[in-house]
1. Of everything in segment 75-95, what is surrounded by fewer than 14 Cβ atoms within 10 Å (Cβ to Cβ) and closer than 24 Å to Lys5 by Cβ? Give them in sequence order.
2. Would you point out which residue out of Leu69, Leu12, Leu40, Leu76 is at pLDDT below 95 and part of a helix (DSSP H, G or I)?
3. Only one of (1) small (Gly, Ala, Ser); (2) modelled with pLDDT of 95 or more; (3) more than 18 Å from Met1 (Cα to Cα) fails for Ala48. Which number is that?
4. Taking segment 49-74, which residues are of a type outside the set (Gly, Ala, Ser) and in contact with a Leu (Cβ under 7 Å, 6 or more places away or on another chain)?
5. Out of segment 1-45, which residues are aromatic (Phe, Trp, Tyr), farther than 22 Å from Ile61 by Cβ and over 13 Å from the mean Cα position of the chain (by Cα)?
6. Report, ordered by the first and then the second residue, all pairs with beta carbons closer than 7 Å, sequence separation of six or more or different chains, a first member in segment 66-94 that is touching a residue at least 12 places away in the same chain (Cβ under 8 Å) and more than 17 Å from Leu55 (Cβ to Cβ), and a second member that is of a type outside the set (S, T, N, Q) and part of a helix (DSSP H, G or I).
Amino acid sequence: MFSPKQLTTFNLIIVGYFIMVYLINYFKIDFVLIAVIKELATIPFLIAQLIFIFLSLQFFIKNKKEKWLLLSTVLLFFSFFFTIASVLQYFFCKT
């Protein structure tokens, strides 16, 4: 399967991707290449978020010694929560 270091790395890459998407939208950076990459990668990263949350929690339940894995899993969970909240806000709170 995955080692704790690999899970932590994947979790932080996913969190970093969604932080970059947030910053791109916040600063209204509008380049075609960035928009294409963002559109192509967002859905796979959303699916990866769910998968790696469950994999990390499973691994952490078995090995409670991995503090970095716990930290990256918590960051991944918050990233998932804010991503889903922003999608729901976009669809249901249009003004």
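1. Phe78
2. Values: Leu12 fails: at pLDDT below 95; Leu40 fails: at pLDDT below 95; Leu76 fails: at pLDDT below 95.
Checking each option against the conditions leaves just Leu69.
3. Ala48 satisfies all of (1) small (Gly, Ala, Ser); (2) modelled with pLDDT of 95 or more; (3) more than 18 Å from Met1 (Cα to Cα) except (3).
4. Of segment 49-74, the ones of a type outside the set (Gly, Ala, Ser) are 49-55, 57-71, 73-74.
Gln49, Phe52, Ile53, Leu55, Phe59, Phe60, Leu69, Thr73 - these are the residues of segment 49-74 that are of a type outside the set (Gly, Ala, Ser) and in contact with a Leu (Cβ under 7 Å, 6 or more places away or on another chain).
5. Initial filter on segment 1-45 (aromatic (Phe, Trp, Tyr)): 2, 10, 17-18, 22, 26-27, 31, 45.
Checking which are farther than 22 Å from Ile61 by Cβ leaves us with 17-18, 22, 26-27, 31, 45.
Selection gives Tyr26, Phe27, Phe31.
6. Thr83/Phe18; Thr83/Leu46
Okay, residues lined up against (1) hydroxyl-bearing (Ser, Thr, Tyr); (2) in contact with a helix residue (DSSP H, G or I) (Cβ under 7 Å, 6 or more places away or on another chain):
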site	(1), (2)
Tyr22	yes, no
Lys28	no, no
Leu69	no, yes
Val74	no, no
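A quick yes/no check of all residues on (1) surrounded by 11 or more Cβ atoms within 10 Å (Cβ to Cβ); (2) under 17 Å from Ala85 (Cα atoms); (3) aliphatic (A, V, I, L, M):
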{"residue": "Ser3", "(1), (2), (3)": "yes, no, no"}
{"residue": "Leu12", "(1), (2), (3)": "yes, no, yes"}
{"residue": "Gln49", "(1), (2), (3)": "yes, yes, no"}
{"residue": "Phe59", "(1), (2), (3)": "yes, no, no"}
{"residue": "Asn63", "(1), (2), (3)": "no, no, no"}
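The values are calculated or read from the model by the stated rules, or taken from the named source; none is laboratory data. Source: prediction; values computed, not measured. Here the Cβ is made from the backbone with ideal geometry for all residues, glycine too, and neighbour counts use every protein chain on show.
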